[in-house]
Amino acid sequence: MKKRIIIVLAIVLFLGLIIAGIGFYLTRAASYTGTIQADVDSSISIIRDRTGIPLIKAKTYENAFFTVGFLHAQDRLPIIEYYRSASTGKLSELIGEKGILIDKIALAIDFNRYAKEIIKNISPEHRKYIKCYVKGINLFKNKYQYINSILYFPVEEWVESDVISILLLFEWTNAFLNNKELLFPLPRPSNSNQRTLSDLIPKDLLYYYSINNKQNIDVLKNIKSALENSIGFFQRGIAFYISGRNTIDSRAATGYILDNNMQSYPKWYPLSLEVGNLIINGITSPGLPFIFFGNNRNISFLGFNLDVDTQDFYIEKTIKRKGEERYYSNGKWKKFKKASKIIKITKNSKDGYQISFNLRRTDHGPVVSDFFKDIYKTDVISLKSIIPDADYVSSLFKIPFSESKLNARKSVKDIYSTPKIYLFSSNKNSTISYSGKLPLRNISKNIFKRSYNKVQNMLDLSKFYYISSYRNIVIGCQDFERASGILKGYFLSRKDIRGQRLKRIIDNQDHIEIKDIKNILKDTYSTVAENYIPLFISFLENIPITSARMTKIYFQDWDKYMKAQSVPASIFQSLLIMMIKETISDELGDSSDDALNNYSFLVDNYYKILKTGRSLLFDDIKTIEKIEIRDTIFDRAFLKTMRFLNKQRGPIMDNWKWSSLHKGHYRLSEIVMPWFLEKVMIGSKDRGIEGGNSTVWNSPVSALEMLKCNSCSCLSGIFVDTMSNISLSFGMSVNPLSEFYGNYNINNKYIRLDNTDKYLSMKIIPHK
């Protein structure tokens, strides 16, 4: 017995020493003071405020970008290594089998090859910036080499193409997640059922497939799911410009909100740069040297990816000739371009195994059906995409240094990228500029195009721009109303509920102060609830039970804000989801999950049919002998809502607070770490999140995981002249031993981005 106790104590002591040792090393890596020697030509200062946001003071742009790379590695090394591995087809070496599909995607699209071409073609000046950024990352990796072995990170130094590969991965993933065909792909029903479903699902989002295409659809759904969970969308959010005519001190103001998937830690990293006379307050993305949002002495600049569909799926016409499969393109039978790649799977150790992955390409692009060759029997499906070029990369460097709105607009003119919208503003006026290319195509309800479809022309969106002297402006990913007629047909949503709410708030206020802008940015008023609540109250009058009477009282007293302590917010959101589920589950069957997953696209049409009560959707087609009506659906949904909330939070309705049900936290779940760090970093508890699908401060609700938060607004900011204020919902560092480590925390606290609070400082000096 004593021997066993001694052994247990020895093991505990041994593990304790390991943990203490690792903690010691990680604490050193999280040190933000002292002096470091590096390959720079002059001294650099890094000053942090109490939130950890750094101010970089450098004499040259090269040294500034070098420091940005060092800081990204110091605070977000697990994240940048994760995305580097994902973009270069080596994620399985980092996280094991979970990374195989992402690796296949990266190798098939060949981000690394495109990245190397871009590096060759960009200007020597911009290539130098990338090179310096990479050197900064490598300085940290080499100085703290033990972290690579502790956290199983790649030991290879970063190269220039790694940076561009990450950018291309982000851009391509965002485009894939905007494929309209994958929102509501449904098996083709009878003609009468088609007409019924169009009452609810917007016609331009309603895509049908034949039973023969079922496995083709499954392939695309699996790719989308992997990208949503592993990479997520990029450059999403909303911004506005308030004219000086509307502010109390006649100074124009710009505000913005950035969104992020809850499945991953925010892709955003704020900082300030002082290079000579140039001062830039901005938002970067770890793994990338670019300043995507910010201001300098002359302008503020904000840019978003538009929620438009630019990718196309093709079913290739094939034939076998001389024992080899060929595809038909431009009147000829052609050989596939083939390549064989090796994917290494090593999780947590040097031991592992590898698989061979055979790639094929057509004139349209990679054959994505090959990802699941051993699982599904499919047609040959290829994917045509827009891959940004060197001009786009150059524009990302030019915009922050622009001396005027005109120069900024010229930077995004005639570049090859996915469609984007920019807001460039000064104290006098603002300019909205579109950018990127749009593939012109015939409108079709077919999910798949055929290989003989004509080659598409490209429309340059940069010829569309708007200048406003005195008007308030709102832009965002869903900028549908202002878009040209051609572009409108590509948007996923035809109504920007969030943008409309934001515009209404701004236009209805005069003499706006900065404190008012802060409240505007954190607004959680639900315009969807504003429409639905009067209907729900009228329906509740017909239900003679206590919970219905209590719910009616809650709804009548509700101000429609999705606040943390709101009980009616929980009841409303649950009831709306239950209503839609009860209405469509019989018509859609196995496909109802797809519809529920994207139910926010249905709320406008659902309100219309709910108001009239005439749609055949309310009648359950499985109960032939019984005719059901809208009120039947509401009664059933209401009772299920009460049971759900009771089960989640108990029978006392006052405990059904929004923050106790609508929860989430930023995750690092795909990054492999020792178990004790997993408990600290990955085992973070979900926290209550304010807002909802239709609110300015956004936090969409999962209908499949009732009320869980899928994505959320993670950062907001305000520019007035050269001043910049920012509010974060996350910590600057993902090192749990850093004082700047943190997870989701929403508050209304705004701080100056230019480090008026000088808390810690570090120097990087040239080698002696």
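With the requirement that a residue be of a type in the set (V, I, T) and either closer than 14 Å to A569 by Cα or without any contact (Cβ under 8 Å) to a residue 40 or more places away in the chain (or both), what does region 509-536 give you?
Restricting attention to region 509-536, the residues satisfying the condition of being of a type in the set (V, I, T) are 512, 514, 517, 520, 524, 527-528, 533.
Once the filter is applied, which keeps residues that are of a type in the set (V, I, T) and either closer than 14 Å to A569 by Cα or without any contact (Cβ under 8 Å) to a residue 40 or more places away in the chain (or both), region 509-536 yields T524, T527, V528, I533.
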query = Where in region 395-507 are the strands (runs of 3 or more DSSP E), entirely inside, with at least 2 residues that are among the basic types (K, R) and open to solvent by 10 Å² or more (accessible area, probe 1.4 Å)?
reply = 448-450
note = Counting only residues that are modelled with pLDDT of 95 or more and either touching a Lys or Arg at 6+ places or on another chain (Cβ under 6 Å) or assigned to a loop (DSSP other than H, G, I, E, B) (or both), region 247-264 contains a total of 1
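Going through region 647-664 one residue at a time, which ones are open to solvent by 90 Å² or more (accessible area, probe 1.4 Å) and touching a helix residue (DSSP H, G or I) at 6+ places or on another chain (Cβ under 8 Å)?
Once the filter is applied, which keeps residues that are open to solvent by 90 Å² or more (accessible area, probe 1.4 Å) and touching a helix residue (DSSP H, G or I) at 6+ places or on another chain (Cβ under 8 Å), region 647-664 yields Q648, R649.
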key: Residue within region 122-137 that is at negative phi, open to solvent by 60 Å² or more (accessible area, probe 1.4 Å), in contact with a strand residue (DSSP E or B) (Cβ under 9 Å, 6 or more places away or on another chain) and at pLDDT below 95 present   = no
request  = Give just the number: which of (1) closer than 28 Å to D654 by Cα; (2) open to solvent by less than 10 Å² (accessible area, probe 1.4 Å) does E582 not satisfy?
outcome  = (2)
key: Enumeration of residues in region 51-82 that are in contact with a strand residue (DSSP E or B) (Cβ under 8 Å, 6 or more places away or on another chain), open to solvent by 10 Å² or more (accessible area, probe 1.4 Å) and among the charged types (D, E, K, R)   = K57, K59
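Could you identify the single residue in S716, S694 that is open to solvent by less than 40 Å² (accessible area, probe 1.4 Å), at pLDDT 95 or above and within 21 Å of the chain's Cα centre (by Cα)?
Working: S694 fails: at pLDDT 95 or above.
Among S716, S694, only S716 is open to solvent by less than 40 Å² (accessible area, probe 1.4 Å), at pLDDT 95 or above and within 21 Å of the chain's Cα centre (by Cα).
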inquiry  = Which of the numbered conditions does A595 fail, given that it passes all the others? Conditions: (1) crowded, with 21+ Cβ neighbours inside 10 Å; (2) farther than 16 Å from K708 by Cα; (3) more than 27 Å from the chain's Cα centre (by Cα).
reply    = (3)
key: Test: residue in region 222-242 that is surrounded by fewer than 21 Cβ atoms within 10 Å (Cβ to Cβ), assigned to a helix (DSSP H, G or I) and free of Cβ contacts under 8 Å to residues at least 24 places away in the same chain   = yes
ask   = Only one residue in N179, N212 is free of Cβ contacts under 8 Å to residues at least 12 places away in the same chain and either within 28 Å of D379 (Cα to Cα) or aliphatic (A, V, I, L, M) (or both). Which one?
value = N212
Scope region 362-385; condition open to solvent by less than 60 Å² (accessible area, probe 1.4 Å) and among the basic types (K, R); matching residues = K384
Criterion violated by G742 - all others in (1) of a type in the set (G, A, S); (2) modelled with pLDDT of 90 or more; (3) under 27 Å from S660 (Cα atoms) satisfied = (2)
task = Could you check how many residues of region 605-643 are modelled with pLDDT of 95 or more and over 25 Å from I201 (Cα atoms)?
result = 3
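Listed here are the residues, each with its yes/no results for (1) within 19 Å of E690 (Cα to Cα); (2) at pLDDT 90 or above.
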position	(1), (2)
V474	no, yes
G485	no, no
S493	no, no
I517	yes, yes
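When you scan region 721-734, how many residues do you find that are in a strand (DSSP E or B) and open to solvent by 10 Å² or more (accessible area, probe 1.4 Å)? Before the answer, list the steps.
As a first pass, look at region 721-734 and keep what is in a strand (DSSP E or B): 723-728, 733.
Applying the additional criterion that residues be open to solvent by 10 Å² or more (accessible area, probe 1.4 Å) yields 723, 725, 728.
Going through region 721-734 one residue at a time, the tally reaches 3.
Determine whether region 309-326 contains at least one residue that is touching a helix residue (DSSP H, G or I) at 6+ places or on another chain (Cβ under 6 Å) and under 27 Å from L77 (Cβ atoms). Let's see the steps before the verdict.
As a first pass, look at region 309-326 and keep what is touching a helix residue (DSSP H, G or I) at 6+ places or on another chain (Cβ under 6 Å): 309-311.
Of the ones still in play, those that are also under 27 Å from L77 (Cβ atoms) are none.
Among the residues of region 309-326, not one is touching a helix residue (DSSP H, G or I) at 6+ places or on another chain (Cβ under 6 Å) and under 27 Å from L77 (Cβ atoms), which makes the answer no.
Between Q573, Q556, which is open to solvent by 20 Å² or more (accessible area, probe 1.4 Å), closer than 24 Å to D523 by Cα and part of a helix (DSSP H, G or I)? Please lay out each step first, then the result.
Details: Q573 fails: open to solvent by 20 Å² or more (accessible area, probe 1.4 Å).
Answer to the selection: Q556.
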message = I'd like to know if region 84-103 contains one or more residues that are more than 24 Å from E157 (Cα to Cα), modelled with pLDDT of 95 or more, in contact with a Lys or Arg (Cβ under 6 Å, 6 or more places away or on another chain) and open to solvent by less than 60 Å² (accessible area, probe 1.4 Å).
response = no
ask   = What number of residues within region 508-519 are surrounded by fewer than 21 Cβ atoms within 10 Å (Cβ to Cβ) and either under 26 Å from the mean Cα position of the chain (by Cα) or within 15 Å of I475 (Cβ to Cβ) (or both)?
value = 2
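Of the residues that make up region 546-567, is at least one small (G, A, S) and over 33 Å from the mean Cα position of the chain (by Cα)?
Looking only at region 546-567, we keep the residues that are small (G, A, S), and these are 547-548, 564, 566.
After this cut, where a residue has to be over 33 Å from the mean Cα position of the chain (by Cα) as well, the list is 547-548.
Scanning region 546-567, I find at least one residue that is small (G, A, S) and over 33 Å from the mean Cα position of the chain (by Cα), so the answer is yes.
What number of residues in region 307-332 are open to solvent by 70 Å² or more (accessible area, probe 1.4 Å) and at negative phi?
Step one: filter region 307-332 for residues open to solvent by 70 Å² or more (accessible area, probe 1.4 Å), giving 317, 320-323, 330, 332.
Those left that are additionally at negative phi: 317, 320-321, 332.
Final tally of qualifying residues: 4.
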remark   = Out of (1) more than 14 Å from Y422 (Cα to Cα); (2) within 16 Å of the chain's Cα centre (by Cα); (3) assigned to a strand (DSSP E or B), the one E274 does not meet is (2)
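In region 689-696, is there at least one residue being touching an Asp or Glu at 6+ places or on another chain (Cβ under 7 Å), hydrophobic (A, V, I, L, M, F, W, C) and farther than 16 Å from Y265 by Cα?
Of region 689-696, the ones touching an Asp or Glu at 6+ places or on another chain (Cβ under 7 Å) are 695-696.
Next, only the ones that are hydrophobic (A, V, I, L, M, F, W, C) stay: 696.
Those still in the list that are farther than 16 Å from Y265 by Cα too: 696.
Yes, that holds for at least one residue.
The values are calculated or read from the model by the stated rules, or taken from the named source; none is laboratory data. Predicted model only: the values in this text are computed from it and were never measured. Positions of Cβ are backbone-derived with ideal geometry, glycine not excepted, and every protein chain shown enters the neighbour counts. Just the protein is used for accessible areas: all its heavy atoms, side chains included, with ligands, DNA and RNA removed. Shrake-Rupley method; radii C 1.70, N 1.55, O 1.52, S 1.80 Å.
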